[in-house]
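See below for the structure under consideration.
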Amino acid sequence: MSPAPPDDAVRVGVLAIQGDVAEHLRSIAAAGGRPSRIRRPADLNDIDGLILPGGESTTIGMLGGEAGLLSAIRLRVAEGLPVWGTCAGLILLAQDVGQAQPLIGGLDVTVARNAFGRQVDSFEVDLDVAGLTDGPFRAVFIRAPVVCRAGPAVEVLARLNDGTIVAVRQGLMLGTSFHPELTGDHRLHTLFLRMVAAQRSASRQSRA
Amino acid sequence: MSDSDNSAGERSPRESATWRIKTGMAAMLKGGVIMDVTTADQARLAEDAGAVAVMALERVPADIRAQGGVARMSDPEMILEIMKTVSIPVMAKARIGHFVEAQVLESLGVDYVDESEVLTPADERYHIDKHGFKVPFVCGCRNLGEALRRIAEGAAMIRTKGEAGTGDIVEAVRHARSVLGEIKRLTVLGNEELVAAAKDLGAPLELLREVAGSGKLPVVNFAAGGIATPADAALMMQLGVDGVFVGSGIFKSENPAKAAAAIVRAVQHYDDAAVIAEVSRGIGAPMRGRAVQEIPEGERLAARGW
């Protein structure tokens, strides 16, 4: 069990339709945030940042669309809610995935689904990620998507040796092909929580 | 894209088929419904209804039960056709102990192998040594000891067996309550009691210690065998499983597309009775089914394996 977060801890929701939600909730708590499950649009009112977990993007997109969650998230992200998509979550954030399926969009990338092949081709590797100190990050790719086009506003955070883009940032949006929540390493959650905290103080100042 | 940032790169050899990759794949399925399908059309219907994966097999369990004969691994042609049709993961079944069927399924590239009691067992003494494979395995269980024996052999996902092809939920409930109840009991045992429990359950002590410490199985745990309605699926979720397999319950119902969509939504909203009521309205008759009590002990599939 993680210790109770301090009162000013950032509140980070995890879209809880399907997938590895519990793993992200644990990682947020371990990184010092206050985690919650997002199951309906009203839940978005009580968070400072949002994580879209791994899972099946077709299922999450379809059910999220029906529940009005995709459009509610799109709106909140446009208003400045920091958001991070891992694997299926990256697919949901992409502007284009090369096939018709419900998406949130907003991240100016084209994503190729199941880019490495099937489950037997899934792998893990130590990977340098821009912005992370203290060595490479253990990147776990499971039937993973990759970024095959990144727009001019998109900063590339990590590439495989062949140049394939697997982590990106565009303003308050973060996307990773891999699953930091399946490792005990919380540096990327910490990085996201810092983005969330910075955005929260900026919006508090602009309101003041 | 900015050219300034090309700094990243791999700093170790790539490792595939690690325990984390195998169990992580199952973690991505949590909160979802995995559906038995026998054709590409059924697979597409399942995907369109929101299934997180499909199980490709030649006959659904209700037909295997009705037709008898030896039930084997499905025709690779059919499995490949289904793999081409959908973007969600495709699972397929091998007979208990039939490691060559599992090798064939791995070479086809299926995403998960179910070493399944629904097929006729090939080995009455040994299950497959699943650690030796790159493809991950899901296995059935009736109780915690059986679950941990399968995990010790390398199963990266567990499902309670229930009684497949019946449409009767009673065995699925029995097995889920057994596994989850035994886990609860372990969490209050002392070290010396855990050693005795390992002997009683016939399970490795190391795994027992892990379960006692965490209060849950070390792998994802779905329910299977007898789920026929949205309420059945939600019942299993409320009991505490991570997701459900639905076999005959969809394509033996009056309106498979409606049944599939309703069961997916019932799993998503398993703790919201109003939603379960709403999705259950006007979806046609569920599979007729057969009460497990009417089935002679010798014909029960759950008793296969140990």
Item to check | Residue match in the range B:50-73 (condition: more than 20 Å from B:GLY167 (Cβ to Cβ), part of a helix (DSSP H, G or I) and open to solvent by 30 Å² or more (accessible area, probe 1.4 Å)) | outcome: no
Next on the checklist: Anything in the range B:75-114 that is in contact (Cβ under 8 Å) with a residue 24 or more places away in the chain, under 29 Å from B:ARG300 (Cβ atoms) and more than 14 Å from chain A (Cβ to nearest Cβ)? List them, or say none.
Outcome noted: B:MET78, B:LYS93, B:ALA94, B:ARG95, B:ILE96, B:GLY97, B:HIS98, B:PHE99, B:GLU101
Item to check | Lone qualifier among B:ALA49, B:ALA66 - being in contact with a helix residue (DSSP H, G or I) (Cβ under 6 Å, 6 or more places away or on another chain) and more than 17 Å from A:GLY117 (Cβ to Cβ) | outcome: B:ALA49
Item to check | Residue in the range A:14-29 that is farthest from B:GLY50 (Cα to Cα), counting only those that are under 14 Å from the mean Cα position of the chain (by Cα), surrounded by 24 or more Cβ atoms within 10 Å (Cβ to Cβ) and not hydrophobic (A, V, I, L, M, F, W, C) | outcome: A:SER27
Item to check | Failed criterion for A:GLY32 (all others in (1) within 15 Å of the chain's Cα centre (by Cα); (2) on the phi > 0 side of the Ramachandran plot; (3) small (Gly, Ala, Ser) hold) | outcome: (1)
Checklist entry - Do we find that A:ALA130 is farther than 20 Å from B:THR23 by Cα and among the hydrophobic types (A, V, I, L, M, F, W, C) in this structure? => result yes
Checklist outcome for this item: Here the residues within the range B:259-306 that are under 22 Å from the mean Cα position of the chain (by Cα), more than 14 Å from chain A (Cβ to nearest Cβ) and part of a helix (DSSP H, G or I) are B:ALA259, B:VAL292, B:GLU299, B:LEU301, B:ALA302, B:ALA303
Next on the checklist: Considering only residues that are open to solvent by 10 Å² or more (accessible area, probe 1.4 Å) and in contact with a helix residue (DSSP H, G or I) (Cβ under 7 Å, 6 or more places away or on another chain), which ones fall in the range A:143-180?
Outcome noted: A:ARG143, A:LEU172, A:MET173
Checklist entry - Can you find even one residue in the range A:190-202 that is within 11 Å of chain B (Cβ to nearest Cβ), surrounded by fewer than 19 Cβ atoms within 10 Å (Cβ to Cβ) and among the aliphatic types (A, V, I, L, M)? => result no
Next on the checklist: Need pairs with beta-carbon distance below 9 Å; first residue within 20 Å of B:GLY109 (Cβ to Cβ) and within the range B:128-155, second modelled with pLDDT under 95 and surrounded by 22 or more Cβ atoms within 10 Å (Cβ to Cβ); sequence gap 6+ or separate chains.
Outcome noted: B:LYS134/A:GLN119; B:VAL135/A:GLN119; B:PRO136/A:GLN119
Next on the checklist: Can you name every one of the helices (runs of 4 or more DSSP H) wholly within the range B:126-224 that holds 1 or more residues which are closer than 17 Å to B:TRP306 by Cα, open to solvent by 10 Å² or more (accessible area, probe 1.4 Å) and more than 14 Å from chain A (Cβ to nearest Cβ)?
Outcome noted: B:144-153, B:170-186, B:191-201
Next on the checklist: Looking only at the range B:29-49, count every residue that is aliphatic (A, V, I, L, M) and either surrounded by fewer than 22 Cβ atoms within 10 Å (Cβ to Cβ) or part of a helix (DSSP H, G or I) (or both) and tell me the total.
Outcome noted: 5
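The values are calculated or read from the model by the stated rules, or taken from the named source; none is laboratory data. What you are looking at is a predicted structure, and each value in this text was computed from that prediction instead of being measured. As a convention, Cβ positions derive from the backbone with ideal geometry for all residues, glycine included, and neighbour counts pool all protein chains shown. Remember, those area values only see protein heavy atoms, side chains included, never the ligands or the DNA or RNA. Shrake-Rupley method; radii C 1.70, N 1.55, O 1.52, S 1.80 Å.
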